[in-house]
Amino acid sequence: MNKLISGNDNRRWIWVIGGIAIGLLAGIFFRSTSPQAASDPETTATAPVEADLQQEDNQTEQYTYAAPTFSLPDDMGEMVNLESFYGQPVLINFWASWCPPCRQEMAIFEDRYRQYSEDGLVILAVNTDDSEEVIREFKEVNQLSFHLLQDYQNQVIQQYAVTALPTSFFIDTEGNIVSRHVGLLTDDLMDDYLSKLGIEP
């Protein structure tokens, strides 16, 4: 009788361990299908197929192609259309509140927006994972004055082929993407990209 109980216990442990292993593998698979925080220097986004890329390093790419247009609601529920900013330099940043480098670079965005909004600079921070309430609270707590948008169905993140957060695109006055950066934007990097849009610090 004791041997029979021991055998059943062994089989139960085999099923438990097997179930845990399957669960871990499933979690890894589903996590890999969502944008990841770009803390790993080897993590880069995939550019649109027809883009003419000139790779500079693991995080920075220079090229020129027309920015995909979109309309998204902002934190107040009003629709914001990229086409309405043609003729102005635009920074599109993809972010989420759970992403540490995303949160860190927001202060840099706000500083440059306050400096250069009168020169036409537009910043569109596209959130891919948070509710309208979370985005609104984030804006208030961090005292942000530029547009925070919500990509409800992940359509825009797919248009821009983003696979890591944060990812930033710099768009010139003709509506062309001229630079993309994956990962945290520092003060120096931000100024360098803005200078390529005709905004000199």
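Only the coordinates and a few stated rules stand behind these numbers; no lab work does. Note that the structure is predicted; figures quoted are calculated from it, not measured.
Summarising the amide proton neighbourhood of Thr167: residues at separation of 5 or more, or on other chains, whose placed amide H is nearer than 5 Å comprise Phe94, Gly183. Between Thr64 and Glu174, the contour length at 0.36 nm per residue exceeds the Cα-Cα span by 38.5 nm.
Each part reduced to its alpha carbon centroid, segment 115-151 and segment 167-184 end up 17 Å apart.
With a ≥ b ≥ c taken as the square roots of the eigenvalues of the C-alpha gyration tensor of segment 59-201, please select rounded if a/c is under 1.5 and otherwise prolate if a/b is larger than b/c or oblate if it is not? Rounded, since a/c falls under 1.5.
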